[in-house]
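Below is one structure, written out as structure tokens; the observations come after it.
Bear in mind these aren't lab numbers, they're just calculated from the coordinates by the rules spelled out. This structure is a prediction, so every number in the text was calculated from the model and none was measured. When we count neighbours, we look across all protein chains shown, and the Cβ atoms used for this are built from the backbone with ideal geometry, even at glycine.
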């Protein structure tokens, strides 16, 4: 059986094993791949081709030390070496998931918000958290809009998913109001930070841990096959990993719902081919 998912790393990424394990837990065969394997800058037996995979996962961490801006160097390497290939991959309908640093990479690549496919320049930024501090804490998210990677999660469901980032505040700068309307019109806002009862965070800390525009925690492209989110679903696959685990029955964690959705969509992709 060929690997279905590519978990891509370079120096500085550090969540690739959790990502691979989360995919494996829902029956997805995943492989951790270094960028140099995709660009064939290694021995021939280690060469890999992006087209061989049905899903690309960009995991969290501090790729290339997050120098310049978070995710900027990883994105620049991807774009310069395999930009057209990556755009073709997305246009083919295959899934791309970026978590935390992966979300930052997708923004820097121009694949999100994705209004023009892969834009030449980033159209948004994940800026330094509003309180200027690294945040590592449980967060509550409301599922507000479905995409191909969240199809099995009921709309309105509240998930407790941890965050761990210093630069997660989504903003369009002076175009916030205009771009927010565009995201809402296209149904691109997939997750919003909320309170534990599901009510609006309204930008208030700690419910919104970074001050992100309109409490946005995750967005997708207009075609709904590229998803970027700051919280880490791969870290709460089991109930014992949740912050409130002592008040839960033993079982699955809130992050599993997303990966089950991915597995379900992979089956559809195989059928359609």
The chain: most fluctuating residue of 173, 211, 151 per GNM, C-alpha cutoff 10 Å: 173
Region 63-151 - convex hull of alpha carbons, volume per residue in Å³: 123 Å³
Relative contact order for region 46-155, counting Cα pairs under 8 Å that sit 6 or more residues apart, in percent: 23 percent
Cα-based Rg of the chain normalised by 2.2 N^0.38 Å, two decimals: 0.93
Normalised contact order of region 5-272, rounded percent, pairs of Cα under 8 Å and 6 or more residues apart: 18 percent
Region 5-272: antiparallel DSSP beta bridges as a percent of all, rounded to 5: 60 percent
Centre separation in Å (Cα based) which lies between region 227-256 and region 158-179: 21 Å
Theoretical ellipticity at 222 nm over the chain - DSSP helices of four or more residues, -39500 (n - 2.57) apiece, nearest 500: -8000 deg cm²/dmol
Ranked list, fewest to most other Cβ atoms within 10 Å of each Cβ, for 153, 10, 105: 10, 153, 105
Two-site label geometry, residue 245 and residue 24: point separation in nm, points 7 Å out along Cα→Cβ: 1.9 nm
Share of pairwise Cα separations in region 173-273, more than 24 Å, in percent: 36 percent
Estimated inter-spin distance, residue 17 and residue 80, nm [label 7 Å along Cα→Cβ]: 3.1 nm
Neighbour-count ranking [beta-carbon atoms within 10 angstrom, fewest first] of 185, 175: 185, 175
Value of relative contact order over region 96-188, rounded to a whole percent, pairs C-alpha under 8 Å and six or more apart: 28 percent
Ranked 259, 205, criterion: other C-beta atoms within 10 Å, fewest first: 205, 259
